[in-house]
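Below is one structure, written out as structure tokens; the observations come after it.
Please treat every number below as a calculation from the coordinates, not as lab data. In this text, all values refer to a predicted model and were calculated from it rather than measured experimentally. Cβ coordinates were reconstructed from backbone atoms using ideal geometry, including for glycine residues, and neighbour counts include every protein chain displayed.
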Amino acid sequence: MSQTFSSIADELAAALPRFSKRIALRDRGLSLSYAQLADFVAAAQPVLAGQQAVAVYGVPGALFGAAATACVIDGRPFVHLDPAMPKAVLGNIVSELGIGLILTAEPPKPDQLPPECRVVDAAGLLGRPAAAPVRAAPVRPSDAIYLVATSGTTGRPKCIPVTHDAALLSYHWREEYAPYAPGMRVGIYIFAIWEMFRPLRHGAELCFPALQELLSPQGFTAFLSDHRIDEMLFTPSFLERILGPVEAGVAAALPLRRVILNGEVVSDALIAQLREKLPQAQLWNLYSICETHDICMSELRGPAAGKAGVTVGKAMPHLRAVVLDDHDRPCPSGVPGLLHFEGPRMLGPGYVDRPEETARRFRELVLEGRAVRLYDTGDQGFVDEDGEITVLGRVAHMLKLRGHSIQTAELTQTLAGVLGFGKAIPWVVQVGDQGQMLVFYYTADAAQQAGNAARWQIGPGQQRLPEALAQALRAVLPSYCLPSYLVQLETIPIHEVSGKCDYKALPAIAVPAGPERTADDRAVLPVIAHVARALHCGPDQIDPARTFHELGGDSLMGVDLVLALEASYGRRVDFDWALNLPLARLHALLTQTQGVAAAVAGGFDRPGILLTGVTGFLGGHVLAAALAQLPPEQVVYCLIRPRNLDPQARLDRIARALDLDRQRLVAVGGSIDAPQFGLDDAAYAALCRSSRSVVHCAATVNLAVDRDHMEAWSRAGIRTVLDFCRDAGADLRFSSSSAVFPETGGPYPEALARLYEGCSGYGAAKIAAEAQIAGSGIPAAVVRLPSLYDLDAPNPKDICEIILQACRAMGAMPRGLAFPMTDVRAAAKFLVGLPAPQGVAFYNLIADQPIAPGEELSPLPPETWLETAPLPEPVRRLIAADPQILRADARFRNDAARSAWSQADGADFARISDGAALLARRRLGQNAGQHAAKESTLP
């Protein structure tokens, strides 16, 4: 082993202390500085000890990035396990690589991972201070830095080791063209996970978008803008689809300064679009293949001016392009042939446990009297006299579709197990203006045709992949490997000169055209027509009871579907709805606003109050308290966002569960995210006339979302509610949170809160909402609440209840455990019973002392308890990031709340929180048997 080899692992380890105060990794739920990343790596190294290779499971995000970085620094090659892969494929990867350890960046599905593997939750490694600086493990140049599992067209993906030497040479070469600097922000998603380590070595910040941000044009532009992304790598087809609907002015204002395109041929149309919409950005075309790492990189300054193929630049040092004809003879400059590359330090060792495939693709030949080892790229192309490489397209044994590699021989082998055919040609075909599709052309004799008809109802000619066959294939193949069409031919067309398949003679896909194919046809629901168009089939083949995803649609198709639905229905369409709701239900929701508005405009005629958040834990209790305290002629208008059940059905279900008078409940189908709640003018005006007060309990924040998004969502919702109060002349009661103050210290006042160091996104959103209310001029009561409990029905989503449940399950608690909680019935009664506010008043409805379990449970050091407690992983991650959650002993002034409680209830303020009764009911406190039967003293 060379003692002088300085590896990528060394460079990453050196970057951790050098940039310790900078942010290294960030996603919607987690942010890690370089110092925190160093702590994670140090905590991971004992776990990784002794492993030959490690799997990292999860969607790319900050925790995934930390786990992968730890593997590289510790000299353990890692392979990515994508949660979207079928279980059989994941098992094959693990088995083929001999994986014994899987680090999970998110909870796996039940039984998804092989039981013989040790599974370690990466979140459990967060928050452990390192005892010493992180040191990189020594590695040899030929050692693997990571393993790429590609294709999976037989359910058994090929695993490709990439060496440390190849990575180091590639990183240093490419950075001459595309350098990184401290503070630079780089967007990373699933097609770019191997790009993570380049910028991390230079103090850059890696930002990981959520799925919703990646797959809607609005979310995509918001991600780029909010995180001020400087660079991002894309597949051309992805960028073309996501950027297409974005207006030129909006795109030009994006912060992107460098775009790298990789994985597919870049069309002249895309280059022109990018030059128009991103004039400020450098555009780079990166030609790379896993088996050779990078090959070459060229700046895109304009269209290719009608030249054949795509010129991708000159091969990087340590690689040489070799073009061979069909007889393995070198082609002269400018003559097309099969593109190969030579370079001992760049070419990988081959495919793990695939000697035949390795020999076929990593070819050992004698050229011009010299023994060489070449990699066959699967591309046709030529090299000119200056060394510039032009790629003309793919050859038959490997296809590219939306950035994915598809091995045709392996795909044919897999399909042979379920479909009868003689000869077959998988091919990627442009289908009209609807994009590229994978088509399986085949021949079949009479017996095979009869078998296909009996088993899959497949006939001669062209047809969509039958759903039953698609379901069978999804169990073993990634979705991108499923053919969109099957085409049965009499014979495979043969080229007269080469004697091989004449791909140009393969029949084009005929997409049915006619009135039934348009979204304007009144006989077909628009959603059905658009889904049929996206899936390239007739509307009669679409089952309205199934979801777009179940019918074979993928997330990239979903982008086009959402845009088409928004154009047809004239409203914003939630991406998750479009992908995962039954189509009939989706249509009902998209047309419901107009229908509900017309139907209920005359139904908003009784006096009452408007309640948001009725489907939540607090909202249901507020609903019960309102019906108990309001005069009998008044009703409660309940704003409910339409989902899989319509708003009235959801409200009826709540009323039945709480035994409430349904005659005094009125469902309002709408959302605080939409102006006028999404109601038409007549319905909105009627609701304004009838509402004297608004109790706003709707959750406009989410612990999994970064602070900027939380604040933006909160402001939008509060703005809509305040506009309604102003239009209705109604006062507002707003359920805020104790999170507007730190979890320790105090006493904190009943006054406007200010941002503080370490404030969570949840707290920041509530602070922003309170400030909006205070500056609005609307009479309002801001009621700050801690966690809420119900003695009889614990809230399964409340973090304190989750902690108590974990304590009971393991018979131990973190030493010093303390947290404030208020009885949810007290909170509901307080919100409804407050007198009409004059101006803006603040109330801390929080007891004087936090709830603190005694010593009946074994006290453990908090870090030990957190490591072993049976907690959901997101909760463990949250506590690890903020350990003060386990000792939330802040003190609060509550004089105004005491006075108002006395007027509303006339009872002792101590009744708002009975810690002894709560702990006894949860079987954690003294005299549990005595308290177990005790009922709440609150109505």
Paired Rg and Dmax values of the range 1-59, which use every Cα atom, in angstrom: 13.7, 42
Net lengthening on full extension, Ser6/Asp680 (0.36 nm per residue, minus Cα-Cα): 236.0 nm
Shape of the range 304-394, Cα gyration tensor, a/c cut at 1.5: prolate
Cα→Cβ-extended label distance, 7 Å offset, between Gln436 and Glu299, nm: 2.7
Nearest 10 degrees, 0 to 90: helix 761-774 Cα axis against the chain principal axis: 50
Whole-number percent relative contact order across the range 304-394, with pairs defined as alpha carbons under 8 Å at least 6 apart: 36
Projected area, mean over directions - the range 408-505, Cα convex hull, nm²: 6.6
Computed helical MRE - 222 nm, the chain, DSSP H runs ≥ 4 contributing -39500 (n - 2.57), nearest 500: -10000 deg cm²/dmol
Centroid-to-centroid separation of the range 827-897 and the range 22-68 [C-alpha atoms, Å]: 30
Relative contact order, percent, the range 408-505 [alpha-carbon distance under 8 Å, six or more residues apart]: 26
For the range 579-584, Karplus couplings with θ = phi - 60° (6.51, -1.76, 1.60), whole Hz, Gly/Pro x: 7, 10, 8, x, 4, 5
Net +/- balance of residues flanking Gly313 in space, Cβ distance below 9 Å, scoring K and R +1, D and E -1: -1
Selection from Gly777, Ser736, Gly761 lying farthest towards where the dipole of the range 711-802 points positive, charges on Cβ: Gly777
Counted charge near Val635, where neighbours are those whose Cβ lies closer than 12 Å (Asp, Glu -1; Lys, Arg +1): +1
Crossing angle, helix 164-174 versus the chain [Cα axis fit, 0-90 degrees, rounded to tens]: 90
Spin-label pair Arg815/Gln903, simplified geometry with 7 Å Cα→Cβ offset, distance in nm: 4.7
Radius, Kirkwood style, for the chain when every pair of distinct Cα atoms is counted (Å): 31.1
Computed lengthening from Ala716 to Ala771, 0.36 nm per intervening residue step minus Cα-Cα distance: 18.5 nm
On Cα atoms only, tilt of 681-690 relative to the major axis of the chain in degrees: 30
Under 30 Å from the Cα of Lys314 - lysines, other chains or at least 8 residues apart: Lys158, Lys277, Lys400, Lys504
Distance in nm between pseudo-label sites at Asp605 and Ser858 (7 Å out along the Cβ direction from Cα): 6.8
Efficiency of FRET from Cβ geometry, Gln541 and Lys423, R₀ 30 Å, rounded to 0.05: 0.65
Ranked packing of 350-361, 892-903, most packed first, by mean Cβ within 10 Å: 892-903, 350-361
The range 732-748 versus the range 280-348: alpha-carbon centroid distance in Å: 60
Relative contact order of the chain, defined on C-alpha pairs under 8 angstrom at six or more residues apart (%): 7
Spatial separation of Cα centroids for the range 173-235 and the range 652-678, in angstrom: 42
Straight-distance crosslink candidates among aspartates and glutamates, where the alpha carbon sits under 13 Å from Lys87 and sequence neighbours closer than 8 are dropped: Asp111
Whether the range 1-163 is rounded, prolate or oblate, judged on the alpha carbon gyration tensor where a/c under 1.5 counts as rounded: oblate
Stretchable slack from Asp502 to Arg911, in nm (0.36 nm times residue separation minus alpha-carbon distance): 138.9 nm
The range 125-181: C-alpha gyration tensor shape, a/c 1.5 cut-off, then a/b vs b/c: oblate
